[in-house]
Protein chains: 2
Amino acid sequence: MTSPSATQDSYPYQNEPIWSKSEKVIARTAFDAALGRELHEVIQEAKRMASQIQQSSDLWDLEHYLTQRRKEIDRKYDYRYSQLTHVFGRLLYEKRLRQEELRGLREDKLKPIRSFAKFLAEDAA
Amino acid sequence: MTSPSATQDSYPYQNEPIWSKSEKVIARTAFDAALGRELHEVIQEAKRMASQIQQSSDLWDLEHYLTQRRKEIDRKYDYRYSQLTHVFGRLLYEKRLRQEELRGLREDKLKPIRSFAKFLAEDAA
């Protein structure tokens with residue numbers, strides 16, 4: 001069985017932009033940077049929570065926090081080219097990614113990314 | 001619906017010892033002491049693991065450790081009089097409880113407790 005991205009590279013679905021080699025490098029760099037920052041944030045919070053544990057309920061609060069964040073991160077960071085405009089749109093909306101980090105992507109990527117970020121912002125308002 | 005211990009107090013199952021008021025005080029004290037020590041151990045280990053987190057895999061190792069310990073503790077510390085001789089037998093076997101902490105229980109409790117501890121020791125050997 002081929003992976004979704006392999007399939008997509010050879011036979012892009014209709015309306016899905018094709019990512020050039022240089023765009024893939026930019027996308028991977030931006031993706032990894034945002035993921036690294038978010039993981040760093042979780043690590044710092046886990047250390048802070050652990051240092052303040054006094055009773056068992058604090059312990060299970062830490063477990064619950066880690067489980068929730070792991071699931072959320074797993075869902076959010078989906079590196080499939082078919083998902084990437086939504087992923088980046090969400091990261092922009094959450095201010096986990098700066099527009100400059102996507103510089104070099106073509107407009108057929110940037111437009112749906114900005115559009116999804118805008119949709120999320122309006123949806124939350 | 002009545003809880004298992006309430007049912008048991010009024011209508012003890014055949015072959016199950018009846019716990020006197022003073023025995024219940026001893027049992028509760030010993031149970032809480034062992035649980036408190038085990039929780040303290042998990043808290044110390046969680047703090048140690050958290051302080052040494054460097055990358056995301058360390059973070060999820062901590063989550064996994066906490067989940068496993070929570071489930072294990074939930075299973076092990078079952079304060080129903082119908083379960084208590086097994087619970088104390090296991091705690092003795094694991095050296096989480098000292099024989100002296102059970103002093104004051106009658107022989108109809110101590111015998112099955114020691115017997116289960118011995119069974120576990122032989123089973124592990």
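The values are calculated or read from the model by the stated rules, or taken from the named source; none is laboratory data. Please read these numbers as outputs of a predicted model, since none were measured by experiment. Note that each Cβ is placed from the backbone with ideal geometry, even for glycine, and that neighbours are counted across all protein chains shown. To get the accessible areas, we keep the full protein, side chains included, count just its heavy atoms, and leave off ligands, DNA and RNA. Shrake-Rupley method; radii C 1.70, N 1.55, O 1.52, S 1.80 Å.
List pairs: first in region A:33-53 and at the interface with chain B (Cβ under 10 Å from one of its Cβ atoms), second of a type in the set (Gly, Ala, Ser), Cβ under 6 Å, 6+ apart or cross-chain?
Going by the 6 Å Cβ cut-off, the qualifying pairs are A:39/B:56; A:46/B:50; A:47/B:50; A:50/B:46; A:50/B:50.
Among (1) outside any helix (DSSP H, G or I); (2) within 10 Å of another protein chain (Cβ to nearest Cβ); (3) in contact with an Asp or Glu (Cβ under 7 Å, 6 or more places away or on another chain), there is one condition residue B:63 misses while meeting the rest; what is its number?
Against the list (1) outside any helix (DSSP H, G or I); (2) within 10 Å of another protein chain (Cβ to nearest Cβ); (3) in contact with an Asp or Glu (Cβ under 7 Å, 6 or more places away or on another chain), residue B:63 comes up short only on (1).
State all residues of region A:85-97 that are touching a residue at least 40 places away in the same chain (Cβ under 8 Å) and either at positive phi or not in a helix (DSSP H, G or I) (or both); if no residue qualifies, say none.
A:96, A:97
When you go through B:54, B:44, B:68 one by one, which is the residue that is open to solvent by 70 Å² or more (accessible area, probe 1.4 Å), in a loop (DSSP other than H, G, I, E, B) and within 30 Å of residue A:71 (Cβ to Cβ)?
Working: B:44 fails: in a loop (DSSP other than H, G, I, E, B); B:68 fails: in a loop (DSSP other than H, G, I, E, B).
Step by step, each of B:54, B:44, B:68 is checked, and only B:54 is open to solvent by 70 Å² or more (accessible area, probe 1.4 Å), in a loop (DSSP other than H, G, I, E, B) and within 30 Å of residue A:71 (Cβ to Cβ).
Does any residue of region A:107-114 turn out to be assigned to a helix (DSSP H, G or I), open to solvent by 50 Å² or more (accessible area, probe 1.4 Å), in contact (Cβ under 8 Å) with a residue 60 or more places away in the chain and not hydrophobic (A, V, I, L, M, F, W, C)? Break it down into steps so the answer makes sense when it comes.
First, pick out the residues of region A:107-114 that are assigned to a helix (DSSP H, G or I): A:107-114.
Subsequent filtering for residues that are open to solvent by 50 Å² or more (accessible area, probe 1.4 Å) retains A:107-108, A:111, A:114.
Now restrict to residues that are in contact (Cβ under 8 Å) with a residue 60 or more places away in the chain: A:108.
Still in the list and also not hydrophobic (A, V, I, L, M, F, W, C): A:108.
Yes, region A:107-114 contains at least one residue that is assigned to a helix (DSSP H, G or I), open to solvent by 50 Å² or more (accessible area, probe 1.4 Å), in contact (Cβ under 8 Å) with a residue 60 or more places away in the chain and not hydrophobic (A, V, I, L, M, F, W, C).
Residues to consider are A:56, A:82; find the one that is farther than 30 Å from residue B:74 by Cβ, hydroxyl-bearing (Ser, Thr, Tyr) and either within 14 Å of another protein chain (Cβ to nearest Cβ) or touching a residue at least 24 places away in the same chain (Cβ under 8 Å) (or both). Please lay out each step first, then the result.
Values: A:56 fails: farther than 30 Å from residue B:74 by Cβ.
Of A:56, A:82, the one residue that is farther than 30 Å from residue B:74 by Cβ, hydroxyl-bearing (Ser, Thr, Tyr) and either within 14 Å of another protein chain (Cβ to nearest Cβ) or touching a residue at least 24 places away in the same chain (Cβ under 8 Å) (or both) is A:82.
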